[in-house]
Structure formats: C-alpha cells, structure tokens
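Colleague: A single structure is presented below for examination.
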Amino acid sequence: MNEKALENLVRIHKLHHEAVDANEVQGLIQSGTVRLKDAGLEALSQESRFDLSYNAAHALSLAALRHFGYRSDNRYLVFQCLKHTLDLSPAKWRVLDQAHRKRNLAEYEGDIEIDQAMMTSLMDITEEIRRAVVALTRGKS
C-alpha cells in the first residue's frame, strides 16, 4: 500500500478516514465475487453482464480501499486508488475508468455500447482484483 499517496488524497479531501469494518469488507468481497460469477453467464445480455462486471469491480476495489481504512464518495476514485491499494497498473485501472464512463453513459443517457473486448478486459481485471483483495484480507500481501 502507498499510504503517502492515500494520505495526500485525504489532505485534499478526495478520501477520508473511516474505521475499518471487517464485516463490510467481507460483504463487499462477497458481493463482488457473486456479481463477477454471474457476469460470466453467457445467457445474459451483454448489457447485464457489463453491469454485473462493473459493479463487481467497484465492490472489490472498494473492499481494498476500506481494508486500509479509507472511503471515497466518488466511484471513479475508488478505481484510481487501486494503484495505491493493490499496486494495479495504470493501464488496468484505465480500463476500469473507461468502464465507469460507459456505465455513466448507460445510466444517465441510455447509451450503452459494449464490445466483447471490453467485456473480456473488464472481467479479467476484476478477477485479478478479486484475487488480490482476497489475498490482502487474508494477510498474504
């Protein structure tokens, strides 16, 4: 974890401290894990699979942030903090940022165009996050 970077975000009021709640963290991991598994169901529409994958990525990313005692009120920042919480490469959290933008277009403008390459990348990165946050919470980081 890059505590200095996270504390800088607290200093500029992008993150705030919040006591760690192990039950919350485990609940987020469970929620993300179930959603990711359901996103793999090819019988579902591409839109549903995207929604499940995106929300799984967010829940798991938030679990990592909460594990270290931080919270953000901004969804996109949870993804950007992955560099500091799980040492996820910028290229990977940029995919999540792209998914976030697509999610916003779908939610607020009804415009959703998701191709298979985006779905595959989103699901692969989300699985990587899931494995990393599970290892983190089990003390294997």
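Colleague: Pairs under 8 Å by beta carbon, first residue buried (at least 16 other Cβ atoms within 10 Å of the Cβ) in region 9-30, partner small (Gly, Ala, Ser) and in a helix (DSSP H, G or I), six or more apart or different chains?
Modeller: Partner pairs satisfying both residue conditions: VAL25/ALA63; LEU28/ALA59; LEU28/ALA63; ILE29/ALA59; ILE29/ALA63.
Colleague: Find the helices (runs of 4 or more DSSP H) located wholly in region 61-141 whose residues include 3 or more that are modelled with pLDDT of 95 or more and among the aliphatic types (A, V, I, L, M), and list them. I'd like the intermediate steps shown before the answer.
Modeller: Numbers: elements: 75-80, 82-85, 90-109, 116-137.
Helices (runs of 4 or more DSSP H) meeting the threshold: 116-137.
Colleague: Could you figure out which of (1) in contact (Cβ under 8 Å) with a residue 24 or more places away in the chain; (2) exposed (fewer than 11 other Cβ atoms within 10 Å of the Cβ); (3) of a type outside the set (Ser, Thr, Tyr) isn't true of ALA117?
Modeller: (1)
Colleague: Do you know which residues across region 27-50 are over 15 Å from THR120 (Cβ atoms), assigned to a helix (DSSP H, G or I) and either modelled with pLDDT under 90 or touching a Gly at 6+ places or on another chain (Cβ under 8 Å) (or both)?
Modeller: GLU47, SER48
The values are calculated or read from the model by the stated rules, or taken from the named source; none is laboratory data. Because the structure is a prediction, the values reported are computed rather than measured. So basically every Cβ, Gly included, is an ideal-geometry build from the backbone, and we count neighbours across all protein chains shown.
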